[in-house]
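The structure appears right after this line, and notes come after that.
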Amino acid sequence: MEAEGRAPGPPLPAGGEGPGADSYLAAGVLGTARGPLLAAAEVLALDDEEDDLEVFSKDTSVTEVNSFSPSVPISPSSMINQYKFEDGPELRDLFITVDDPESHITAIETFITYRVVTKTTRGEFDSSEYEVRRRYQDFLWLKSKLEEAHPTLIIPPLPEKFIMRGMVERFSDEFIETRRKALHKFLNRIADHPTLTFNEDFKIFLTAQAWELSSHKKQGPGLLSRMGQTVRAVASSVRGTVKNRPEMFTEMNNYMETFSQKINLLDKIAHRIYKEEREYFNEMKEYGPIHTLWSASEEDIAESLKGVAGCIDRCCRATEKRMAGLSEHLLPILHEYVLYTEILMGVLKRRDQIQGELDSKVDALANKKTEKDLFSEEIGKLEDKVERANNALKADWDRWKQNMQWDMRSTFTNVAENNLRYYEELPKDSAVNLSSIT
């Protein structure tokens, strides 16, 4: 069963850099060379002499270990094979598909469920195949459990609960299909993660029937426990800046602030271009029939008018394909990384909270002459906790940057190829037809 996602391609050069990397946007990757693209090029400060897009790499302040070796196979759906396998993506042992959305209408609410089919060869599963139905709130529950169990790992984003940008109406076919694809990618990113894939709640999500999952949810922490966690988080945030934050995490935070600004800008530009393409497409759909009707009343130029109508029709079809390419390959990826920026800032904040808890204990020990043994034991445990949190985040950060650079390169390449096909499909005889009319 094939997972949706990235098309396979050649490995990237080390660090996501290489000749020609900055030519994607400069060549009009996002669309034709109109106003928005020129503005994007100015804001992103693209430089022909640079080796890569300033937006996504070239942050030398953050430790770079993001190299793609030609000997490492790249999975179409993730980078997991770089970490676990040497022989290629065919050795993956967990395959998940989200499909078959169904609408459910009750006296209280209307909601959509999706079929989640899992095929696996893992020994910890009792069967090799499972089929369950899940609604959006089940996916939210899974995400929250993963964040609770792995506070400094980068959990993949879920699509927003309500209307996503560019969608026209909740529960429309377009909205449901867009969400289905996002949920499919969410589960497969988890399945391909070297740590999250073995999470017990993830296994339960994939295998438990609806009543079993509902029962398992009720076994979570009680109200007082959740309130305690909230109070600790608020107290940690009130303490302010962490005293002993390692420089690496300060650099990560700065990187994400810059990345957030630029990926949000790209997202806005892409949606603006898509909107302009749609307006252009709607206008052309009107012009074709007009020229056909006109040809019926103008015998002398009837053939030329019909030719123009045919050209417009071919332009319409080519534009529709290009719009489909933008909505399929560009808009979802950019928006996913907009959501990733929020997740990463949250991960960095949770790491700081753990660090802040350690700092407060160290300060308390320095101010107290009694209970030193008790404080020393607590500090030792907190030091271990901070070290585990730091190591988990550092490893996941490197993995995330590799994924991001691959996603961006493959996305802009797909859009550039789509643009080339668009111009190849445009009619070449339109000028002849127009000149014969005049």
Can you give the accessible area of Arg189 in Å² (nearest 10), computed on protein heavy atoms with a 1.4 Å probe? 20 Å²
Where Rh is the Kirkwood radius over Cα pairs, Rg/Rh for region 288-379: 1.74
Under a 1.4 Å probe, counting only protein heavy atoms, Leu140 has an accessible area in Å², nearest 10, of 70 Å²
Count the net charge of all other residues whose Cβ sits under 11 Å from the Cβ of Ser128, scoring Lys and Arg as +1 and Asp and Glu as -1. -1
How large is ³J(HN,Hα) for each residue in region 348-360, as worked out from phi by the Karplus curve 6.51 cos²θ - 1.76 cosθ + 1.60 (θ = phi - 60°), to whole Hz, x for Gly and Pro? 5, 5, 5, 5, 5, 5, 5, 5, x, 5, 5, 4, 5
Roughly how many Å² of Asp126 are accessible to a 1.4 Å probe, to the nearest 10? 150 Å²
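If you take the beta carbon distance between Glu328 and Glu383 as r and set R0 to 60 Å, what does 1/(1 + (r/R0)^6) give as a FRET efficiency, to the nearest 0.05?
Calculated value: 0.80.
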Give me the percent relative contact order of region 257-344, please, defined on Cα pairs under 8 angstrom at least 6 residues apart. 42 percent
Heavy-atom accessible area order for Asp201, Asp300, Asp363, largest first, 1.4 Å probe: Asp300, Asp363, Asp201
Listed residues Ser144, Ser260 arranged by accessible area, highest first, probe 1.4 Å: Ser144, Ser260
What is the total of Lys pairs in region 235-362 with C-alpha atoms under 30 Å apart, excluding same-chain pairs fewer than 8 positions apart? 16
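The values are calculated or read from the model by the stated rules, or taken from the named source; none is laboratory data. Treat the numbers as computed from the prediction; the structure is a model and nothing was measured. Cβ atoms come from the backbone with ideal geometry, glycine included; neighbour counts cover every protein chain shown. We work out accessible area using only protein heavy atoms, side chains counted, and drop any ligands, DNA or RNA first. Shrake-Rupley method; radii C 1.70, N 1.55, O 1.52, S 1.80 Å.
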